[in-house]
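Have a look at the structure below before the remarks.
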Amino acid sequence: MKKLHRNIHNWYQHHGRQTLPWRNTDEPYYIYLSEVMLQQTQVKTVYERYYFPFIERFPTLKELGESKLDDVLKMWEGLGYYNRAKNLHKTATLVHELPSDIEELIKLPGIGKNTAHAIAAFAFHQPVPIMEANVKRILCRIYKLKTPTEKELWEYAYRLVDRDNPFDYNQAMMDIGATICLPKNAQCNLCPLESICQGKVDPGLYPMKKKRLVPTREEHIVIHSYNDRLSLSQRSGKFLHGLWGFESMEVPPCAAEYLGEVSHAYTHFKLNCKVYLYYESSPEQIHYFNLDEIRELAISKVDEKILKLLEKTIETL
DNA sequence: CACTCGTGGGG
DNA sequence: TCCCCAAGAGT
């Protein structure tokens with residue numbers, strides 16, 4: 001085991017992504033923020049577009065908690081999974097300093113078991129493993145697991161973790177998963193875990209991937225226009241919560257001008273929208289904005305596409 | 001335990 | 001064009 005840990009550590013010294021900014025800070029808030037941003041999100045996106053602007057706008061947990069949720073959502077715009085922003089803000093209102101205890105961390109909204117362990121290992125150097133996508137795939141291959149339970153995975157993770165250097169070990173595991181133990185075409189000959197890996201003969205078998213069908217939804221979007229201003233409303237459900245958007249209907253509207261079609265792919269369904277423009281003679285909706293004001297609102301990708309279609313239509317008039 | 005919840009990149 | 005997949009959490 002000690003030799004294995006040396007292999008992993010040595011690999012990390014030579015091939016790890018050590019320059020990532022959240023690996024070079026002792027500030028728990030920055031590490032926590034990176035963990036939340038990186039949930040189901042690629043490193044490149046967080047690093048190039050969101051991490052630094054967010055910190056500049058909200059330098060401390062305290063200032064984040066004292067900000068409006070709408071301002072937080074605006075900084076999160078385009079990153080997706082907007083409940084992360086809501087929970088991040090909620091947590092910032094609850095504490096001005098992050099606890100180091102895993103049991104306390106996990107009580108905070110938006111911090112699950114993995115993020116709690118990641119904060120513990122990366123911000124407070126506790127000897128605990130993490131359990132995200134890369135680690136899962138590596139463990140499945142090492143121990144030839146096709147459909148393991150979460151509990152099972154954690155048991156293997158605790159068995160393997162380097163308690164003498166949990167920071168480098170956990171970072172290394174993620175880098176190995178991201179660059180060596182790939183979902184397709186695993187580079188086993190370059191892997192520091194190759195000697196103990198039971199699945200290296202056919203890594204593609206582990207873990208077993210489940211396919212699911214993606215249904216398609218058809219919707220009709222109506223842009224209400226009054227006095228050169230447009231109506232948008234703020235979503236309240238859990239889908240795109242807090243973001244502003246145009247009205248959506250299941251039935252095509254009457255007396256509205258058809259502008260065109262917009263489609264968008266989500267994880268669990270595809271959306272096809274027919275977009276209409278409706279000129280109102282008197283204000284019927286609550287909120288109306290001009291284009292400059294809309295730019296100040298947090299809106300989702302579909303509504304961005306719809307807006308672009310509208311602007312294109314206006315240009316041709 | 002299965003499903004929801006966004007978006008961008010890569011094959 | 002389509003499908004897979006990313007530093008997962010909440011229900």
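Are any residues in the stretch A:8-24 surrounded by 15 or more Cβ atoms within 10 Å (Cβ to Cβ) and either more than 11 Å from DNA strand C (Cβ to nearest atom) or outside the structural domain of residue A:57 (by TED's automatic domain parsing) (or both), and if so, which ones?
Listed by number, the residues that qualify are A:8, A:9, A:11, A:12, A:15.
Is it the case, given these coordinates, that residue A:64 is within 12 Å of DNA strand B (Cβ to nearest atom), outside the structural domain of residue A:297 (by TED's automatic domain parsing) and crowded, with 19+ Cβ neighbours inside 10 Å?
For residue A:64, the condition - within 12 Å of DNA strand B (Cβ to nearest atom), outside the structural domain of residue A:297 (by TED's automatic domain parsing) and crowded, with 19+ Cβ neighbours inside 10 Å - is not met.
Can you pull out the residues in the stretch A:90-120 that are touching an Asp or Glu at 6+ places or on another chain (Cβ under 9 Å) and over 15 Å from residue A:28 (Cα atoms)?
A:93, A:113, A:114
What number of residues in the stretch A:34-57 are of a type outside the set (Val, Ile, Thr) and in contact (Cβ under 8 Å) with a residue 24 or more places away in the chain?
9
Select from the stretch A:91-112 the residues that are within 21 Å of residue A:46 (Cα to Cα) and within 16 Å of DNA strand B (Cβ to nearest atom) and list them in ascending order.
A:109, A:110, A:111, A:112, listed by residue number.
One line per residue, one yes/no per condition, for (1) at pLDDT below 95; (2) more than 15 Å from DNA strand C (Cβ to nearest atom):
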{"position": "A:159", "(1), (2)": "no, yes"}
{"position": "A:163", "(1), (2)": "no, yes"}
{"position": "A:178", "(1), (2)": "no, no"}
{"position": "A:181", "(1), (2)": "no, no"}
{"position": "A:203", "(1), (2)": "no, no"}
{"position": "A:206", "(1), (2)": "no, no"}
{"position": "A:210", "(1), (2)": "yes, no"}
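Looking only at the stretch A:249-289, count every residue that is among the polar types (S, T, N, Q) and under 25 Å from residue A:75 (Cβ atoms) and tell me the total.
1
The values are calculated or read from the model by the stated rules, or taken from the named source; none is laboratory data. The shown structure was predicted, so the numbers you read here are calculated from the model rather than taken from an experiment. In this analysis, Cβ positions are derived from the backbone assuming ideal geometry, glycine residues included, and neighbour counts consider all displayed protein chains.
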